[in-house]
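Below you'll find the structure, written out as structure tokens, and then a few comments.
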Amino acid sequence: MKFCADTWFILKLFNGDTKSTELLKDVKFGKDELIIPITTIAESYKKFFGQGVTEIDIEHFLDSLQIIEKVHLINLDKSFCKEAAKVSLSFEVPIMDSFVAATARLSKCHFVLSDDEDLKKLHRKKYIKLKSW
């Protein structure tokens, strides 16, 4: 399976959530892959800073993800930006969520890992498939 991480998943993982940790183990030792849009990283920094997490702890955590061979940080090019803009306008969702959805779609991910209401809306409209707990 190929998963796309929203900030919700990154925060759960950082906080030691059991299901998130198990999924990451499946990525690390199994056949699964994890796609992380660069916008998810930006939003995660914002959330972590807002929670008082130190920059060094954030860096250590994110570095530990990036060294896993089947974790892929996706930078945005014009095709991702154009798709995200279309998603945001068509479905009336914030651009940050649209970047996650567009990345999942263009990267051919099976599921987006999120519990976000706007991404749930895109799931109901059958633009993406969602997995949350």
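Collect residues whose amide H, placed 1.01 Å from N in the peptide plane, falls under 5 Å from the amide H of Glu33; neighbours closer than 5 in sequence don't count.
Close amide H contacts, sequence-distant or interchain: Lys2, Phe3.
Can you give the calculated 222 nm mean residue ellipticity of the chain, where each DSSP H run of n ≥ 4 adds -39,500 (n - 2.57) and the sum is split over every residue, rounded to the nearest 500 deg cm²/dmol?
One gets -18000 deg cm²/dmol as the mean residue ellipticity at 222 nm.
Which order do the peptides 2-8, 13-19 take when ranked by the mean count of other beta-carbon atoms within 10 Å per residue, highest first? Kindly include the intermediate steps, with their values, before the conclusion.
Numbers: 2-8: 25.4, 13-19: 13.6.
Sorting 2-8, 13-19 by mean packing, highest first, produces 2-8, 13-19.
In whole angstrom, note down how far apart the Cα centers of the stretch 78-133 and the stretch 1-37 are.
Here the answer is 17 Å between Cα centres.
Bear in mind these aren't lab numbers, they're just calculated from the coordinates by the rules spelled out. Please read these numbers as outputs of a predicted model, since none were measured by experiment. No Cβ is skipped: glycine too gets one built from the backbone with ideal geometry, and neighbour counts run over all protein chains shown.
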